[in-house]
1. When you check Lys51 against the structure, is it out of contact with any helix residue (DSSP H, G or I) (no Cβ under 8 Å at 6 or more places or on another chain), surrounded by 12 or more Cβ atoms within 10 Å (Cβ to Cβ), over 30 Å from His119 (Cα atoms) and at pLDDT below 90, yes or no?
2. If Glu73 passes every condition in (1) modelled with pLDDT of 90 or more; (2) in the same structural domain as Ile110 (by TED's automatic domain parsing); (3) within 18 Å of Lys131 (Cα to Cα) but one, which one does it miss?
3. Just one of the numbered conditions (1) under 25 Å from Ala139 (Cβ atoms); (2) surrounded by 12 or more Cβ atoms within 10 Å (Cβ to Cβ); (3) aliphatic (A, V, I, L, M); (4) at pLDDT 90 or above is not true of Ala58; which one?
4. Go through segment 70-115 and report how many residues are surrounded by 11 or more Cβ atoms within 10 Å (Cβ to Cβ) and among the polar types (S, T, N, Q).
5. Within segment 10-33, can you find the residues that are more than 23 Å from Lys52 (Cβ to Cβ) and either of a type in the set (Lys, Arg) or in contact (Cβ under 8 Å) with a residue 24 or more places away in the chain (or both)?
6. In the list Lys45, Lys131, Lys103, which residue meets the criterion of being out of contact with any strand residue (DSSP E or B) (no Cβ under 7 Å at 6 or more places or on another chain) and within 25 Å of Val9 (Cβ to Cβ)?
7. Quick check, is Val9 surrounded by 11 or more Cβ atoms within 10 Å (Cβ to Cβ), within 17 Å of the chain's Cα centre (by Cα) and among the β-branched types (Val, Ile, Thr)?
Amino acid sequence: MEVILKQDVPNLGYASELVTVKPGFARNYLIPQGMAILATETNKKILAENKKQQTHKAEKIQKEAGDLAKRLENLVVKIGAKAADTGKIFGSVNAIQIAQALKEQHNFDIDRKKIHIDHEHIKELGTYTAKINLHKDVAVEISFEVFAE
């Protein structure tokens, strides 16, 4: 079944993209959640017209994301955490804390949902990397250091 995505769906596609999914997934999840609409001929024509109008706007947004990626490339974010003598952290470091640290230390306001850590939660002191998806074609890896407070 073909549907047109109304918003970005992880592991499926991006907004205004025509994708093929199983009928049950579309009927029971995507359409009721407002994430997609059926890809009828009328909706496909509307999608084509909207894409024509948004091409220039998308290029501008992608250029801005590329500029932001260049500024983020060599940053090192420091995150303090309470830790035991063995180096284990009480709790864990996650994307929310990385987003807060980027805002406080470097004044970059990045949505926590765009930050992906290789290990879901960091539970030890050390240096790690995180991937930030700024745009569907622009992603940057930053390094962050977890130190004991």
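The values are calculated or read from the model by the stated rules, or taken from the named source; none is laboratory data. Predicted model only: the values in this text are computed from it and were never measured. With ideal geometry, Cβ positions are generated from the backbone for all residues, glycine too; neighbour counts draw on all protein chains shown.
1. Considered against the rule, which asks whether it is out of contact with any helix residue (DSSP H, G or I) (no Cβ under 8 Å at 6 or more places or on another chain), surrounded by 12 or more Cβ atoms within 10 Å (Cβ to Cβ), over 30 Å from His119 (Cα atoms) and at pLDDT below 90, Lys51 comes out as yes.
2. Result: Glu73 passes all but (1).
3. For Ala58, the failing item is (4).
4. Residues flagged as surrounded by 11 or more Cβ atoms within 10 Å (Cβ to Cβ) and among the polar types (S, T, N, Q) within segment 70-115 amount to 5.
5. Within segment 10-33, Lys22, Ala26, Arg27, Leu30, Ile31 meet the criteria.
6. The match here is Lys45.
7. Values: surrounded by 11 or more Cβ atoms within 10 Å (Cβ to Cβ): yes; within 17 Å of the chain's Cα centre (by Cα): yes; among the β-branched types (Val, Ile, Thr): yes.
In short, yes.
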